[in-house]
Amino acid sequence: MTTAAAVADFRTYPLICAPSGVQSLADRINLEWADGRISPFHHLWLRDNCPCDRCVYSVTREQVFEIVDTPDDLKPTATHIDNDGCLLIDWPDGHHSRFDPGWLRAHAYDDVSRAERLAGIPQSHLWRSDLQIPVFEYTVLMNDNSALLQWLLAVRDIGLTQVRGVPTDPGSLKLIAQRISFIRESNFGVLFNVQSKADADSNAYTAFNLPLHTDLPTRELQPGLQFLHCLVNDAEGGESIFVDGFAIADALRSEDPKAFQALCEIPVEFRNKDRHSDYRCLAPIIALDALGRVAEIRMANFLRGAFDTSVEQMPRLYRAYRRFIAMSRESRFRVMHRLNPGELWCFDNRRTLHARNAFDPATGARHFQGCYIDRDELLSRILVLQR
């Protein structure tokens, strides 16, 4: 049971377990559940999360009430559970709140409930050289939202996917990228052409070997997803190489914790400069999220500035940096594959490092198109599709 009056959200919350009783304490209530769990809810928390249309605008589902407008020692005048299992609360100023039991269970912050939510957070599937790359068909993804969701989940959890059967007309990449969200433009354009050219403003636009890297580490926020779509690939060489940066970081944390800590703590400056722009970002190579998990790898040796740290830290940084790159060259981590016309890579640019073997433009044409979408857009699209 969910009602607009009891849930100020676009999601629904199944009734996992019904409330069986409520106990009032000095600064909170204890909600008792039929399975024996007890979930404390502080009075201020309950008033802050009242879902009624006076506290939350029903059109946007965004809060209009501010908790600072209540007294610090706020206490209900009455609490009880109605026949639908909803928690009803009367407040001293005459305000009434009604909470859906499914929503309360999903947001309970007792230790057991929080542990359940933590266990339910999507986990990255770390991979090495034996990865079976998930492959999807263009036509299906363009017409079937359930297949689209499976693709996006693979991008989120594995960080590397391939799509086949993509039209090879220039600009076709835009259509499938926009099945996720809008494209993030950069100084290289909305769609960028990866071709060897004489006036290149990036090593990517040469025939050189391109070592493992993430794109645009020179930006405060690196692009989340990168697409590379093969239009023509007649030249000899140019194979794509990938490693899971999260898997390397995980191995480094286990095998050389001091090096791992150094790459998490000591910032490195990355620079991207041409005749018309100059981008710089100072950040650690390994970034952790609020739970201490690896959330981002920032790496492109050809875009790195001179190290700038203390005299004492410099040897520590070089040792860790060299170890990370050396590990990325180990065969246990590397996946190599030649992309054919009509195929594309979609991968997590803040996780999956990519490289390209040198190719010989004298042996044939090679033309890829690429674009970026932010990781937030991927995660939002997944949640909307899951509704």
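The values are calculated or read from the model by the stated rules, or taken from the named source; none is laboratory data. Model, not experiment: these values are computed from the prediction. Positions of Cβ are generated from backbone atoms using ideal geometry, with glycine treated the same way; all protein chains shown enter the neighbour counts.
Things worth noting here:
- Within the range 328-377, the set of residues being assigned to a helix (DSSP H, G or I) and in contact with a Ser or Thr (Cβ under 7 Å, 6 or more places away or on another chain) comprises PRO361, GLU377.
- Unmet requirement for LEU153, which otherwise passes all of (1) assigned by TED's automatic domain parsing to the domain that holds ASP274; (2) modelled with pLDDT under 95: (2)
- VAL140 being touching a residue at least 60 places away in the same chain (Cβ under 8 Å) and on the phi < 0 side of the Ramachandran plot: no
- For the criterion of being at pLDDT below 95, closer than 24 Å to ASP169 by Cα, surrounded by fewer than 21 Cβ atoms within 10 Å (Cβ to Cβ) and of a type outside the set (Asp, Glu), GLY238 fails.
- Helices (runs of 4 or more DSSP H) within the range 102-188 that include 3 or more residues out of contact with any Gly (no Cβ under 7 Å at 6 or more places or on another chain) and over 30 Å from PRO14 (Cα atoms): 173-177
- Residue that is on the phi < 0 side of the Ramachandran plot, surrounded by 22 or more Cβ atoms within 10 Å (Cβ to Cβ) and assigned by TED's automatic domain parsing to the domain that holds GLU236, where the choices are PHE347, PHE307, PHE302: PHE347
- Output for the range 86-123, where each listed residue is at pLDDT 95 or above and either of a type in the set (Val, Ile, Thr) or touching a helix residue (DSSP H, G or I) at 6+ places or on another chain (Cβ under 6 Å) (or both): ILE89, VAL112
- Strands (runs of 3 or more DSSP E) (entirely within the range 208-315) containing at least 2 residues that are closer than 23 Å to MET327 by Cα, touching a residue at least 24 places away in the same chain (Cβ under 8 Å) and aliphatic (A, V, I, L, M): 210-213, 240-244, 286-288, 294-297
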